[in-house]
Amino acid sequence: MSGGQGESKAERRISWDQVELAPILKLKFGITRRTFALERRDTGTRAQLHFENEYARLVGTWKDIPGFGSRLSFELTNVSEGSIRVTRLMFPAGAGIHSYVASLDASRLSFLRNGYQSWSTVRSYLPKDKPLRPWLQLVSLASSNLANLPSNVPGVFSSEMYALITDRSTGESFLVGQDAPFDQFFYIKLNLYRHGSKQSYFELTYDFGRKLIPPGRTVSLSAIIIARGTTHSLQHRYFRELRRTAAPRVPAENVHGWSSWYYYYTRITPDIITRNIEAARRARDEHGARIDFIQIDDGYEEAVGDWLRLRRDFDGEMRRLADTIRDAGFRPGLWIAPFVASRRSELLATHPEYVLRDEHGRRIVAGFNFFWRGRFYYGLDVTNPRFEEYIRRVIRTLVGEWGYPYLKCDFLFGACLRGGTHHDLELSRAEVLRRGMEMIREEAEAATSDEVFLVGCGMPLVTGIGTVDAMRVGPDTGGYWIEKKGAILRTGAMVGVRNAIRNSVLRGPMHRALWLNDPDSLMLRTGGTKLTPAQRLSQINALALTGGLLLYSDDFERLAAETLAEITTIQRIAGECFTGRLLPWDMMEQELPAILLNTAGYLGVFNMGPKRGKTVHVPLSAIHAEAKTVNIIWDAGPPGDWNVLQEVWSGEETRPERGHLVVGPLGPFESKLFRFVRK
């Protein structure tokens, strides 16, 4: 997987003076939006860009990133006499991408889409593929970004934060990505013309929401990175660069735990939690299961939003449960959805002014949840001073008085909904949510001497860089492969094991670069589940290979001894993979990768569908060469030498021939997990 023959590194590098930029500024006047072009001014130097109109001045500086690509940094200044409200800054960027795709057969290209938030679809598209937009806006609310929805048009692809376009015949890729300070949402749209004389181009967009900029004020924009290289090395270099520039929170050790959600859902009681604490203690003492925390999930509160009004069973019990968890040798964890409230919550009835509203004063629906009172739920205005007082008091109570330093913060997108008019007009949508998370961490750390650990979920990804310790990187899993209604609703974010695996492996390079990845829970149980044995094992193999958080969500009292014994093998593999880097090898070829390599020395080969007798050809020599480069990028040293692959669960050994491995035939949803050994 290399670039074109005879192509030098200098020729592969793309600089910003090769890209035609024609910025367009969108401003809001009352309820009216108007669009203004920014005219380019001569700076006398190729490294400096200057654009201006009667409202704003945009100054850009581009620099080479040694050994990687180019970074373009912008500052936007209000040069008018009054305040301006900026909604978007857009760049139709033509020449850069066209120079890359012009000489290529469009049918060989693929586009990697990174979705907006934890649950949003991540996948690659071929030019003929149609990126489906859900039929119902209600589905898009909780799975997509209404400001950057899929196009429903083949060849018109959108992404958030970063995107890859790959020549599948060579493995050479072009990357456009967002860099610090991550104060705006950033969209990349590819218009790929396969026929005719039109030039393919990227459209790059900064989304400010409705940020107000006072006269004379200058704001820094997220930098833009462009680079070229082999697909996996390029992707890992990008995330390594973000780790260098963005100062994220990356814990040194992985986290293992138990959650009540995927077995009990909201039907929990203190007795259920207590019994599972004891069962988890026995699993640790008798079977060597590592469990760091016990997390009480949704179901303890009277209604979402009413965090200090508890259900009758839990009233007066939260501190006792936390103490019981600690006495058993675990850390107490608690679920909260701090920036949304259900329609029938007391919070909304008492404080309707907390609800996020549009420019006409209408409440903004954030989504629909079958488990919650009133079903519908609303986003809350984090910048409302009275709501800030409330949520700070909630966090002080949960962490300080009740004793839960591990918080899973869910449905976080509710703080920065499209069209919301926040109390603080000077914050962008992204800045609003970052402020909310900073408030939570501030109060939590002030309330306890324990180490605070925050997990983001349903969270726009860039807002989590530097604010959370771990990030959910996929939709909810479950005791089933996929819900059939996902195909009807046309969303790749539908809950189930299939989509959770896809997102988790494709976002694998973010792990230990931006945060710890949370791929969601493993379903260990063999009864009371719709997963076939093959689907259950493929889930275990894929999640262990990611090296991310290792979470369980079963009734531990009901797990058989042989199932509990599996935990030691799973946690050993996941522990070793935590130190490696994940390469979803064929991610640009198909939606669900069949070949996953972790550079710690593990290879997973999967049949992710119902087809019988699938055979997978694994180009081990090429994979090993790319893995070596990726490890060098991360200062991890080259992966070890090997000449034998041992299947983890069966113990069978295989010797690859001439750097190639053939695995199969595989049954429906079957997988093989190999460990590299040298003999």
Problem set entry | Between segment 136-210 and segment 241-297, the alpha-carbon center distance in angstrom | 35
Exercise. Leaving out ligands, DNA and RNA, what percent of the accessible area of segment 463-503 is carbon and sulfur, probe 1.4 Å?
Worked result: 60
Exercise. Once you mark the chymotrypsin sites (Phe, Trp or Tyr not before Pro) that are in a DSSP loop and have at most 14 other Cβ atoms within 10 Å, what is the longest gap between them in the chain?
Worked result: 372-648
Exercise. Dividing the alpha-carbon Rg of segment 366-486 by 2.2 N^0.38 Å yields what?
Worked result: 1.13
For this session: Mind checking which lysines have their Cα closer than 29 Å to the Cα of K189? Skip sequence neighbours fewer than 8 apart in that chain.
Result: K9, K26, K28, K63, K128, K130, K198, K211, K485
For this session: Divide by every residue of the chain the summed helix terms, -39500 (n - 2.57) for each DSSP H run of at least 4, and state the resulting mean residue ellipticity at 222 nm, rounded to the nearest 500 deg cm²/dmol.
Result: -7000 deg cm²/dmol
Problem set entry | Carbon + sulfur, % of accessible area of segment 159-263 - ligands and nucleic acids excluded, 1.4 Å | 42
Exercise. In segment 554-662, what percent of the accessible surface is made up of carbon and sulfur (1.4 Å probe, ligands and nucleic acids excluded)?
Worked result: 47
Exercise. Could you name the lysines in cross-link range of K611, using Cα to Cα under 17 Å and dropping any fewer than eight places away on the same chain?
Worked result: K672
Exercise. In straight Cα distance, which aspartates and glutamates are under 12 Å from K628, not counting same-chain residues fewer than 8 positions off?
Worked result: D641
For this session: Would you mind pulling out the separation of the Cα centroids of segment 481-539 and segment 318-338, in Å?
Result: 26
Problem set entry | Estimated translational D of segment 65-186 in µm²/s (Stokes, Kirkwood radius over Cα pairs; 20 °C; 1.002 mPa s) | 128
Seminar exercise, completed: With the 8 Å Cα cutoff and a minimum separation of six or more residues, segment 328-381 has a relative contact order in percent of 40
Exercise. Tell me, what is the percent relative contact order of the chain, built from C-alpha pairs under 8 Å that lie six or more residues apart?
Worked result: 12
Problem set entry | segment 554-679: relative contact order in percent, alpha carbon pairs under 8 Å with at least 6 residues between | 27
Exercise. Tell me, what HN-Hα J-couplings in whole Hz come from the Karplus equation 6.51 cos²θ - 1.76 cosθ + 1.60 at θ = phi - 60° for each residue of segment 320-327, using x for Gly and Pro?
Worked result: 4, 5, 4, 5, 5, 4, 5, 4
Seminar exercise, completed: accessible surface per residue for the chain, probe 1.4 Å, DNA/RNA/ligands not counted, whole Å² -> 37
Exercise. Using θ = phi - 60° and the Karplus curve 6.51 cos²θ - 1.76 cosθ + 1.60, what whole-Hz ³J(HN,Hα) does each residue of segment 668-673 get, with Gly and Pro shown as x?
Worked result: x, 6, 7, 9, 10, 10
For this session: Report the net charge of residues surrounding V663, where surrounding means a beta-carbon distance below 11 angstrom and charges are Lys +1, Arg +1, Asp -1, Glu -1.
Result: 0
For this session: Could you pull out every residue, at least 5 positions away or on a different chain, whose amide H is within less than 5 Å of the one on D554? Hs are placed 1.01 Å off N in the peptide plane, and Pro or chain starts have none.
Result: S259
Exercise. Tally Lys and Arg at +1 and Asp and Glu at -1 over the other residues with C-beta under 13 Å from the C-beta of G609: what net charge comes out?
Worked result: +3
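The values are calculated or read from the model by the stated rules, or taken from the named source; none is laboratory data. None of the values given here were measured: they were computed from a predicted structure. With ideal geometry, Cβ positions are generated from the backbone for all residues, glycine too; neighbour counts draw on all protein chains shown. For the accessible areas, the whole protein counts, side chains as well, though only heavy atoms, and no ligand, DNA or RNA atoms are used. Shrake-Rupley method; radii C 1.70, N 1.55, O 1.52, S 1.80 Å.
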